[in-house]
Amino acid sequence: MGDYLTPSTLPQPKLKRTNTGFTPNQIIALDASIPESAKHIWYKNSQLTILDSKRKQPSDTVKSVVDSKEKFEEEFVKHVETSLGRSMYNCDDLAAYQAASNTIRDALIIDWANTQQKQTIQDGKRVYYLSLEFLMGRAMDNALINLKCENNTRQSLNELGFNLEDVLNQEPDAALGNGGLGRLAACFVDSLSSKNYSGWGYGLNYQYGIFEQKIIDGYQIEAPDYWLKYSNPWVLDRNEIQIPVDFYGYVYEEHDPNTGKVKKNWNGGERVLAVASDFPIPGYNTDNTNNLRLWNAKPTNEFDFTKFNAGDYQQSVAAQQRAESITSVLYPNDNFESGKELRLKQQYFWVAASLHDIVRRFKKQHKQNWKKFPDQVAIQLNDTHPTLAVVELQRILVDLEGLEWNEAWSIVTSVFAYTNHTVMAEALEKWPVDLVGRLLPRHLEIIYDINFFFLKEVERKFPGDRDLIRRVSIIDESPKSVKMAFLAIVGSHKVNGVAELHSELIKTTIFKDFVKVFGAEKFTNVTNGITPRRWLRQANPKLAALIAEKLNDPEYDYLTNLGKLKQLEQFVDDEDFLKQWHAIKFDNKRKLAALVKELTDIDIDPSVLFDVQVKRIHEYKRQQLNIFAVIYRYLHIKELLSKGVTIEEIKKNYYIPKASIFGGKAAPGYYMAKTIIHLINKVGEVINADKEIGNLLKVVFIPDYNVSKAEIICPGSDLSNHISTAGTEASGTSNMKFALNGGLIIGTVDGANVEITREIGEENIFLFGNLAESVEELRHKHVFEGVNVPETLQVVFNAIEKEVFGPADEFKSLIDSIRYHGDYYLVTDDFELFLDAHKKLEKVYGHDGGDATDRGHLQEWVKKSVWSVANMGFFSSDRCIDEYAENIWNVEPSNQ
Ligand code: F58
């Protein structure tokens, strides 16, 4: 024991060490306060650059698992034996996944910690992306790619007796989102890291993600998605970061004798704790590793003593436990707002915790120098769900920090910007005034004040225009409610749509009056994008490799410089290249066929046209248009067969063999969407069992469509459907995923299809349908002159009504909504145009199928595919982030 100090005699640090980041001065002070003997041990073992040159050499560090198989294997086995308590003899694929993830995760955390410290020291402006949804999918494969250690890990796992793909398949999707909006947030955090921005995501750590969809007797059945069954190795639970969040209660006034002013205080009635879980977000080809902080609701230790003293201990504990319900489940609606109290609670809980965290971080460096706040902080509102943040920041500044209203408001509006994702009325958030007032009494007062000052300004600019004032009021009078989109516009310095057409539409429809009030400069467009790391490199490794080879880019640098794809144009007449390109598509189709077989037991032939529509099921996305066209095709084929036309003749002169592949979830309460799913499945049952048809037509519905399935489906499609009623799809992002993977698109002139067409050329996309500018007139006509069902569609309705696909009752409401209730989504107007578009594209695809070697007749199709991919560079989410950074956030990337 001689050399060692006993604990009681150990010199102790003089400064108190806390649990959050440090400023440079604090580091110097803390470093000086730690005794030399203790420091020596820390220097010897630490891997953080915060200790600078004193830290361990790279070859000894956890980080070296990325380059060294030996180190990976050592760490892997250590995790199996210590973290998991298993051994070589009972390490199954799941344990291998957990051990491998822990191993990679350890390396990631070192990058993450170093990044956070570096960013704190640089003290630049940070972006905070507030999104109620982050649809991340799987983390391990993505981490291997971004850290560039896939080969190393594959080999190590092989040597240890595992197959990388089997191991990756053990990971459940982190499905904390519904669809496009949540996936966009996931792509954006990837780009923020990859492009070296300092940017955090803030969201909720739902215990149940989007439900698991099962198809039973053709119906959608929802099962809970308890994705945290096995603990999540990709998260760092920060149990020490706890922020109290209050609800309910009352507001009281206090007279401050010093200032003579009246101060408002909110005394909350119910308190829950927000506890942080941090997800490190690795960038591609950079050490920059940002943070995604997701909050968990936890009970406080505070007891309801009245209940307790009344002997109702159980009740008291139960009430506390209910706190956890706030982050228990993701609301499963897509483009629809349900208006439930728990949803509003989720929103405030998340917003309050996030702002508290942001403000704390700011104050640590800048004290109360509030003028600097907008130089340090940019907050992006992903749709209106986080709009209460505007109100909460105003409350913090005025009530808690004592700023004057106007000074506070100018800070607030410089910090926030708002992204709109829909023009559809049913998706625009409105909260009853009563509910807001009960849950957040002080916030309601502030909302009224914001509205009062705003309307006063409108009155000043447009004196006497009472109607304008009524229209732009944040408070709707009947029923009395708060219009969150209006509040978000008023509280932000910029508002953007997500594709050009959409951004124009919001300016001329739902937000028209605000353009008049604030001027057109406040409204801008940032066309959506996708991360090519996940949606090309990860989903389609063979195509990514072929591109890297052709671009002479062995390091795959094009993945962060996607404009380079343009160079592929020079190979569009290169026979060998086209052959390779086609063979890769064929291989991906084989993989998709295997997935279909595994999930549905249906055989589809990879040499037929794969015609895919996967996305949330919604009337506006028009899966019904697609399935009606499939029915028409089937009935026509049957008619031809009955007239003695042979299958061969049909293939030659009428229809090419194809498989129609559907997938997507319907919101559990959305009856019509569920009816569409049912119809697709029933049609599939009949067609797939029809021996006469053979491989000329197949219809499959892939259950439980999610991110990891999309990674197989997108590369395996020949043709994908983006056929929303013009003007209804804000952008769409799967259109980009399919096109980047060499699939062609059949689509309407809607959302980002417009920009895709501009980039890849009209001749490489199959557009059809009425334009957005005609929609209103057509709807009007339907209502006043009736709906004209074309003969072709009538044939389809007749068959459904004759019960060719099961009981007609089941589909009555679907047909009635078109025939008798105004056909709001213009199925009748676009049906024949859709059939025509198919005729055209089938001519291009060719009439006799094709396999991996014989693609002579596919020449034209494959060229279009190459041409499209070559021109998809614009749709990298890196480009979006650069645009937001420059035009909205005013931030620059750090030079790594
Ligand atoms: C989607 N919106 C748009 N909302 O529909 C799509 O066109 C766009 O590409 C995408 O955003 C990204 O900009 C969307 O997914 C939702 O799912 C909300 C979830 C919460 C309730 C309201 C709808």
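With the simple spin-label model, which puts each label point 7 Å out from Cα in the Cβ direction, the L48 to N151 separation comes to 3.4 nm. Angle between the Cα long axis of helix 827-845 and the longest principal axis of the chain, 0 to 90 degrees, nearest 10? Here the helix axis deviates by roughly 80 degrees. Overall, the range 609-849 carries a charge dipole of about 600 debye about its Cα centre when +1 sits on the Cβ of Lys and Arg and -1 on the Cβ of Asp and Glu, all other atoms neutral. In the distance distribution for the range 606-671, Cα-Cα pairs more than 16 Å apart total 57 percent.
Divide by every residue of the chain the summed helix terms, -39500 (n - 2.57) for each DSSP H run of at least 4, and state the resulting mean residue ellipticity at 222 nm, rounded to the nearest 500 deg cm²/dmol.
Numbers: 34 runs with 397 residues, N = 896.
When only DSSP H runs of four or more count, the value is -13500 deg cm²/dmol.
For the range 315-379, evaluate the Debye formula with one uniform point scatterer on each Cα (no solvent term) and list log10 I(q)/I(0) at q = 0.12, 0.13, 0.23 Å⁻¹, rounded to two decimals. Calculated log10 I(q)/I(0) at the listed q: -0.52, -0.58, -0.95. Placing +1 on each Lys and Arg Cβ and -1 on each Asp and Glu Cβ, with no other charges, gives the chain a dipole about its Cα centre of roughly 1960 debye. Considering all C-alpha pairs of the range 161-204, those separated by over 15 Å amount to 59%.
How far is helix 671-689 tilted off the main Cα axis of the chain, in degrees rounded to 10, range 0 to 90? Between the helix axis and the principal axis of the chain, the angle is about 50 degrees.
Send over the semi-axes of the range 382-441's equivalent ellipsoid, whole angstrom and largest first, taken as the square roots of 5 times the C-alpha gyration tensor eigenvalues. If you can, show how the numbers build up before the last one.
Working: eigenvalues 120, 56, 10 Å².
Those come to 24, 17, 7 Å.
Evaluated at q = 0.16, 0.19 Å⁻¹, a Debye calculation over the C-alpha positions of the range 238-395 (equal weights, vacuum) places log10 I(q)/I(0) at -1.15, -1.40.
With the Cα gyration tensor of the range 536-680 giving a ≥ b ≥ c as the square roots of its eigenvalues, does the rule (a/c under 1.5 for rounded; else a/b larger than b/c for prolate; else oblate) give rounded, prolate or oblate? Judged from the Cα gyration tensor, the range 536-680 comes out oblate (a/c at least 1.5, b/c at or above a/b).
Each Lys and Arg Cβ is given +1 and each Asp and Glu Cβ -1; about its Cα centre, the range 347-392 then shows a dipole of about 420 debye. Between the residues L696, G846, V645, the greatest Cα displacement towards the positive end of the dipole of the range 609-849, with unit charges on the Cβ of Lys, Arg, Asp and Glu, is found for L696. Cross-link pairs exceeding 21 Å in C-alpha to C-alpha distance, out of K483/K615; K125/K363; K542/K591, comprise K483/K615. Rg over Rh for the range 609-849 works out to 0.94, using Cα positions for both radii and the Kirkwood form for Rh.
To the nearest ten degrees, helix 541-550 and the longest principal axis of the Cα atoms of the chain are 90 degrees apart.
Using only Cα atoms, figure out Rg for the range 233-293 and give it as a multiple of 2.2 N^0.38 Å.
1.90
For the range 692-824, the fraction of C-alpha pairs more than 22 angstrom apart is 55%. Would you give the gap between the C-alpha center of the range 204-249 and the C-alpha center of the range 573-629, rounded to a whole Å? One Cα centre to the other: 31 Å.
Determine, for W266, W889, W405, the number of other Cβ atoms within 10 Å of each Cβ, and report the residues in order from fewest to most.
Numbers: W266 20, W889 24, W405 14.
Least crowded to most crowded, the residues run W405, W266, W889.
Listed by chain and number, the aspartates and glutamates placed with their C-alpha closer than 17 angstrom to that of K516 are E457, E459, D465, D467, E504; residues fewer than eight positions away on the same chain are left out. Rounded if a/c is under 1.5, else prolate if a/b is larger than b/c, else oblate: which is the chain, with a ≥ b ≥ c the root eigenvalues of its Cα gyration tensor? Because a/c hits 1.5 or more and a/b fails to exceed b/c, the chain counts as oblate. Between D574 and Y250, what is the FRET efficiency for a Förster distance of 60 Å, r being their Cβ-Cβ separation, to the nearest 0.05? Taking R0 as 60 Å, the efficiency between D574 and Y250 is 0.20.
Could you tell me which of rounded, prolate or oblate describes the range 112-239, using a ≥ b ≥ c as the square roots of the eigenvalues of the alpha-carbon gyration tensor, with rounded for a/c under 1.5 and, failing that, prolate when a/b is larger than b/c and oblate otherwise? Because a/c hits 1.5 or more and a/b fails to exceed b/c, the range 112-239 counts as oblate.
When the pairs K709/K863; K589/K839; K597/K698 are compared against a 20 Å limit on Cα-Cα distance, K709/K863; K589/K839 fall above it. Note that the range 340-414 shows a convex hull volume over its alpha carbon atoms of 88 Å³ per residue. Bridgeable lysines around K71 (alpha carbons under 17 Å apart, same-chain partners fewer than 8 residues away excluded): K56, K63, K148.
Only the coordinates and a few stated rules stand behind these numbers; no lab work does. Every value quoted in this text rests on a predicted model; they were computed, and no experiment measured them. Positions of Cβ are generated from backbone atoms using ideal geometry, with glycine treated the same way; all protein chains shown enter the neighbour counts.
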